[in-house]
């Protein structure tokens, strides 16, 4: 087809590619970690990262040299949401179908939980995994990735005030789960 | 002591714990903490929670095989990159979601064969909206194929690819410029693959690439034109196309 034979823009992309590679490979752990916490399934998390890398290649033209980690994580986050939605939809299609091929692992039953770990840590992890996704992502980005409110707002596409109240709700829920919180409203 | 003032204080207190406050605000928080044991205890709890989370939560590092797969993909990427770069940056960056894709569907004029990739990708994205994917849900090609009879003036080939890891989940009709299309919907893990089929005469024509993060593979055979579109990775989509052909 015609678009295959068009002249290649050439030099610019050759110069940009190593840069993109750097961004991705440098922040791959963070990207995978976020995907893991968002989708709660190691296999799907790998798919999310691979897909996000592909999207990143396409969107790299819009990368303005800002913080590469936040840029990549925004793509990972959006990809995770898309794939979760697709999986949910696929699940709906299969509902009532006797030989469903969709294999949805129980998020509370990951093998990592079976490892010998302190009960408290396991309970905390379960409580975090059980949070609504929009609260969970804020807390993971803050506590595990140690990003600023501004970066979290950029990645999740909400105002800073929303980030703050989501963080508060997430922490409140975890403190209740830990039994540490006072019984105030 | 848990007054309204304290409730307003919470987000400030949290911001202080998160190191987000300017000196003046931090001083205000400190002054309040001196006089309010409840808020003071809350601060301790927030600090303790942060410490516990950072100490005990597993740090998920990317598995080595994922790192290698990504590295390999990055090396094999120039074709895709070129495909993306050929579009003006303004358009490319605007196409960041379903809404944007739908807008594209509405505004981009047809550009002959070149434009078809936009139409099929937009149709794929539109089909992912709730209730749009399937007119007939069936994993049985003997159900799906007769379903098209009487609805279309042609009979699309329907293959059962479940054994190859691409189970058929159903079908629908779709309208593309110039033709009604039969759409067979397959799945690979949680990825949906839309296979658009309509009669055409361009034997031997092929294309592949990606738009908006969706991959497509196009070919023509036996008087039909085929477009497979999915968010599945390019290699597996090519494998899918190979099985269909």
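The values are calculated or read from the model by the stated rules, or taken from the named source; none is laboratory data. A quick note: this is a predicted structure, and the numbers were derived from the prediction, not measured. Here Cβ is always computed from backbone atoms with ideal geometry, including for glycine, and neighbour counts include all displayed protein chains.
In table form, for the structure just shown:
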{"read-out": "Condition check for residue B:106: within 20 Å of residue B:178 (Cα to Cα), part of a helix (DSSP H, G or I), more than 14 Å from chain A (Cβ to nearest Cβ) and modelled with pLDDT of 80 or more", "value": "no"}
{"read-out": "Members of the stretch B:217-230 that are under 16 Å from residue B:194 (Cβ atoms) and out of contact with any helix residue (DSSP H, G or I) (no Cβ under 6 Å at 6 or more places or on another chain)", "value": "B:218, B:219, B:224, B:225, B:226"}
{"read-out": "Test result for residue B:149, more than 10 Å from chain A (Cβ to nearest Cβ), modelled with pLDDT of 90 or more and over 19 Å from the mean Cα position of the chain (by Cα)", "value": "no"}
{"read-out": "Per-region count, the stretch B:18-59, residues surrounded by 13 or more Cβ atoms within 10 Å (Cβ to Cβ) and closer than 23 Å to residue A:150 by Cα", "value": "12"}
{"read-out": "Enumerated helices (runs of 4 or more DSSP H) restricted to the stretch A:1-109, each holding at least 1 residues that are modelled with pLDDT under 70", "value": "A:2-5, A:11-26, A:68-94"}
{"read-out": "From A:36, A:74, residue being surrounded by fewer than 24 Cβ atoms within 10 Å (Cβ to Cβ) and either touching a helix residue (DSSP H, G or I) at 6+ places or on another chain (Cβ under 8 Å) or more than 10 Å from chain B (Cβ to nearest Cβ) (or both)", "value": "A:74"}
